[in-house]
Structure formats: C-alpha cells, structure tokens
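The values are calculated or read from the model by the stated rules, or taken from the named source; none is laboratory data. All figures in this text were calculated on a predicted structure; none of them were measured in a lab. Here the Cβ is made from the backbone with ideal geometry for all residues, glycine too, and neighbour counts use every protein chain on show. Just so you know, the surface numbers come from the protein's heavy atoms only, side chains and all, with ligands and any DNA or RNA stripped out. Shrake-Rupley method; radii C 1.70, N 1.55, O 1.52, S 1.80 Å.
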Amino acid sequence: MMTRLTVNGVAVDASSEDLGHLRDSLFPGCGIIVADGKEATGRTPVREGMTVFFSEGRDLRSEMLKRDDPRVAEVLSKAVIGIAGMGGLGSNVAEMLVRSGATRLVVADLDTVDLSNMNRQNYAMRDLGLPKVEAAERRLREISPFVRIEKHFVRLTPENVPEVFGRCDIVVEAFDAADQKAMLAEAVLGKTRVPMVSGNGMAGIGSTDSMGVRRVSGRLTVCGDGRPDGKVPPRLMSPRVCACAGIMSNEVIRKLIEGNEE
Amino acid sequence: MIANGERREDPKGASLADWLSSNGYDSKRTAVLVNGEVVPKRDYPGTALRDTDVLEIVSFVGGG
C-alpha cells in the first residue's frame, strides 16, 4: 500500500509503514526525524499527506542550535525569562530568545491581538482576537518544541509583580505606556532580586544609530533611544521596534552569561 | 551631587520630588536610584538629597 508524503520537500509515494523504515530507505543514518512540525521517532506511523524531515545530527535541539555560541545555548536552556508585555517589544524579544535556545518563559499581557498590532507585533492574521499570551505560545511552539510558556493574562501591578516574576532569572520590561514602565522598574528593583532589561524609546523612522544600551545599575539595563515621539500614541513601526527588541534580547543573553560566569 | 554621570549643584537637602520637578522630570514616568537603591515614588517627597549622593534617573517614554 502506497502513501503519498512530502519528505525533505519532495513528494514521495512510500510503502513504508513507519518513519524508521522510510528513513532507512531514503535517508539512512539520519537520526533526527520531524513529522508535521513535531519531533517524531522511527516508530511513528506513516500517514497520508504527512510532511517529514530527516536530518543528521546528534539530537534535535543541538542541531537547531548548531549556529549558537555554545555559552548562549547553555544559559538559555536553564534560564527562566520573564517578559512583561507581549506587544511590539515583547513578542519580538520572545521569538529571538526562543530561537536562540530559551525554553522557559513567563509572559504577562492583558491584551488581545488587534489589527493595529500587525505593523510591528509578532502575530499573524489568524491570531486576531486571541489573548496575546495564547497567540504567542502557539507561535513560539511552532518555532521550538522545547519551549514552555507560563501565561499570565493579567494587568501587572506592584502587588502581583513579585509573584509573577519573582522566580525568574531576568525580566524584560516590554510595556507600551511610560508610567507602566516606571512602575515595573520600581517593583522589580524594589521588591525582587531579579535583574531587568527595559525598552525605552523606539518610535519613528529616525536613524537607529541613536539607540543605545545604558547600564543604569547592576540590575537595570535600559535599551533604546530614550526619545518621546511627537505624537500620542507614538508612531511605532517594525524596523525600529525590532531594532530595540534585538538590542534588548542581546542584553538579556549577555546578562545571563555574565551571571553564569560569576 | 552626581545625576546620570554629571556633576550637579549641591541640593542642600532638597527633596527628591522637588529636585525632579525643578529639573523638568515627570515623576510619574521616572525610576530613580539613589546610591544604587531604587526609591519608590511614595518616598520622593520624603527623600532629602545630599551633595554626596549619586543619582541615576531613568525617564521612560511611551512605545513598546
């Protein structure tokens, strides 16, 4: 009995019953198997219409992180990373950290995905109307099967910040409103021992050479250009928002490695 | 007194609240560390600044 599959991008009519036999006939020696976006084994049964990918390599995760600085893969495999706000900054920081190897995120946002988010936030049209924390979980798990997200569909306050983020190794401040950013900085610095990386100033289309990294203290790093936009609400577009998110993600990684090396 | 790395005039016991206001800061959008410790907003009026203090003030702006 023949089954039509896609194997490493090519349509194949296979007679194998399981992926192990399929592998042995087409890609012998390839120990890593992904079927329909999920890790599979040799015993996984073949199904009509399945999309299969066989790869060499020691294991799925190390193959996925082959291009990482090994210190990064190591710290991110263990770190619990909090992200306050899953909008333009948070949704993009989350993706960058997960791609780099992060497996444990604690994310908080009380918002749902809206059309005006689409110009910069890391969501798709099919996510419209969903809580951002739910949409983010689905998207991030499509990128890495190793990620576990603890979701908080809540408004963060000075009272619940220690409870939500107290167990994190680092917190990313990714709110939109200036007074909320100030509130979070006070709550994290004043009521927890967790370091924080904040995004501050990424509006408009000015040159990104104005963006910087300011180490305010051993526990507070502020990234961005620090400039208010002329308009309310500020004009925010993907290039500079993602530039700031990239700077923040890199600072999270640097801080975690620094903490690991102490 | 040093604020954000720059030498400033002796505050002579002025409150942090007054100092921020006179220097154009909106205290609803700031995080302030005095000698490395964050000062909560409710303590801004009651915190008297000295010439030996080192301040770090972050002014947050909208967007994210």
Fill in: Matching entry among A:52, A:75, A:93 (being crowded, with 19+ Cβ neighbours inside 10 Å, touching a Ser or Thr at 6+ places or on another chain (Cβ under 9 Å), among the β-branched types (Val, Ile, Thr) and in a helix (DSSP H, G or I))
A:93
Discussion item. Please pick out the residue among A:80, A:98, A:106 that is open to solvent by 10 Å² or more (accessible area, probe 1.4 Å), modelled with pLDDT of 95 or more and in contact with a strand residue (DSSP E or B) (Cβ under 9 Å, 6 or more places away or on another chain).
Written reply: A:80
Worksheet entry | Pairs with Cβ under 6 Å, 6+ apart, first in segment A:85-106 and within 15 Å of residue A:150 (Cβ to Cβ), second open to solvent by 10 Å² or more (accessible area, probe 1.4 Å) and among the aliphatic types (A, V, I, L, M) | A:98/A:143; A:104/A:80; A:105/A:149
Practice prompt. Output the residues belonging to segment B:1-12 that are open to solvent by 50 Å² or more (accessible area, probe 1.4 Å) and not in a strand (DSSP E or B).
Written response: B:4, B:5, B:8, B:9, B:10, B:12
Discussion item. Taking the conditions exactly as written (without any contact (Cβ under 8 Å) to a residue 40 or more places away in the chain and charged (D, E, K, R)), does residue A:138 satisfy them or not?
Written reply: yes
Discussion item. Looking at segment A:176-197, can you tell me whether even one residue there is closer than 18 Å to residue A:117 by Cα, within 11 Å of another protein chain (Cβ to nearest Cβ) and open to solvent by 30 Å² or more (accessible area, probe 1.4 Å)?
Written reply: yes
Worksheet item: Between a first residue in segment A:13-34 that is outside any strand (DSSP E or B) and a second residue that is surrounded by fewer than 16 Cβ atoms within 10 Å (Cβ to Cβ), which pairs have beta carbons less than 6 Å apart while being 6 or more apart in sequence or on different chains?
Response: A:15/A:2; A:19/A:42; A:20/A:42; A:23/A:30; A:30/A:55; A:30/A:56
Worksheet entry | Restricting segment A:97-154 to residues that are acidic (Asp, Glu) and in contact with a helix residue (DSSP H, G or I) (Cβ under 7 Å, 6 or more places away or on another chain), the residue that is farthest from residue A:85 (Cα to Cα) | A:127
Fill in: segment A:198-214 - residue that is out of contact with any helix residue (DSSP H, G or I) (no Cβ under 6 Å at 6 or more places or on another chain) and under 21 Å from residue B:41 (Cα atoms) and, of those, nearest to the other protein chains (Cβ to nearest Cβ)
A:200
Discussion item. Could you check segment A:158-175 and list, in sequence order, the residues that are within 12 Å of chain B (Cβ to nearest Cβ) and of a type in the set (Val, Ile, Thr)?
Written reply: A:172
Worksheet, complete the sentence: How many residues of segment B:12-39 are among the hydroxyl-bearing types (Ser, Thr, Tyr) and within 13 Å of another protein chain (Cβ to nearest Cβ)? The answer is 3
Worksheet item: If you go through segment A:217-227 one residue at a time, do you hit one that is surrounded by fewer than 21 Cβ atoms within 10 Å (Cβ to Cβ), facing chain B (nearest Cβ under 8 Å) and of a type in the set (Ser, Thr, Tyr)?
Response: yes
Discussion item. If I ask for residues that are open to solvent by 70 Å² or more (accessible area, probe 1.4 Å) and more than 17 Å from residue A:1 (Cα to Cα), which ones from segment A:30-49 would you list?
Written reply: A:36, A:38, A:39, A:43
Discussion item. Quick check on residue A:234: is it surrounded by fewer than 17 Cβ atoms within 10 Å (Cβ to Cβ) and closer than 21 Å to residue A:85 by Cβ?
Written reply: no
